[in-house]
Amino acid sequence: MRLAVRPSRSSVRRVMSVAGLLCALTSLPGGVQASETSTFDGLERVESSRIAIAYLAPDADFSVFKRVKILEPEVAFRANWQRDQNRNRTRNISTRDMERIKADVASLLQEVFAQRLTSGGYEVTTEVAGDVLIVRPAIIDLDITAPDTGSASSTRTFTVSAGAATIFVELFDAEAGQILGRGADRQAAQRTSGFMTWSNRVTNTAEARRILQGWADVLVTFLDEQYAE
């Protein structure tokens, strides 16, 4: 299967506004409990032990998809993240730093998802066709505890957690454009040792990859279940 769809500026605004609404309704950061059983676009709430919130179209037939297209992810930081970071730093986080981090996270997400889908037996494509499932991901409320700006400095930052993020994913029929599913989940990066360790670009990337691999596993498991039915 493949995920495909490259959002326009208007669709990006829509994705982020819907994501924000979903987060507000379900209080994602504190163990999500959604009370709504259906959404404005006809999706119905389904229970999942692997993701905090999940909605599916009641008549969705995923067995018709043989390939998956992954759209370029949108990435957004937690509100006031830059201001909070700059309170206690010798070198401030600039807008350019934030754009680089967002680009790195988006690229890593696409890489991890494509690798996991491919290893799981699903073909990843860039085409739009009747057998293509589109995955439109977004990372919202990105909160990196100690971002590495790459500046020359003798200062080292030690943390227990590299940070946290919420993933928001929508699934579409590539040809028809119909939305088939929507899900959201929040994860915090936690050092397996439980001790404070030096946070830098390498360790932050490793923690981010670990979280993204977990979400990619959820997607592949979901697709496997659809084909097993």
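Below, the figures for the structure above:
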{"item": "Failed item, numbered, when Met98 is tested on (1) free of Cβ contacts under 8 Å to residues at least 60 places away in the same chain; (2) within 22 Å of Ala188 (Cβ to Cβ); (3) touching an Asp or Glu at 6+ places or on another chain (Cβ under 8 Å); (4) not aromatic (Phe, Trp, Tyr)", "result": "(3)"}
{"item": "Single residue of the range 184-218 satisfying the filter (among the acidic types (Asp, Glu) and in a helix (DSSP H, G or I)) that is modelled with the lowest pLDDT", "result": "Glu207"}
{"item": "Extreme residue, nearest to the chain's Cα centre (by Cα), among residues of the range 62-92 that are assigned to a helix (DSSP H, G or I) and surrounded by 18 or more Cβ atoms within 10 Å (Cβ to Cβ)", "result": "Trp81"}
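The values are calculated or read from the model by the stated rules, or taken from the named source; none is laboratory data. The structure displayed is predicted, hence computed values, not measured ones. Heads up, the Cβs are rebuilt from the backbone with ideal geometry, glycines too, and the neighbour counts pull from every protein chain shown.
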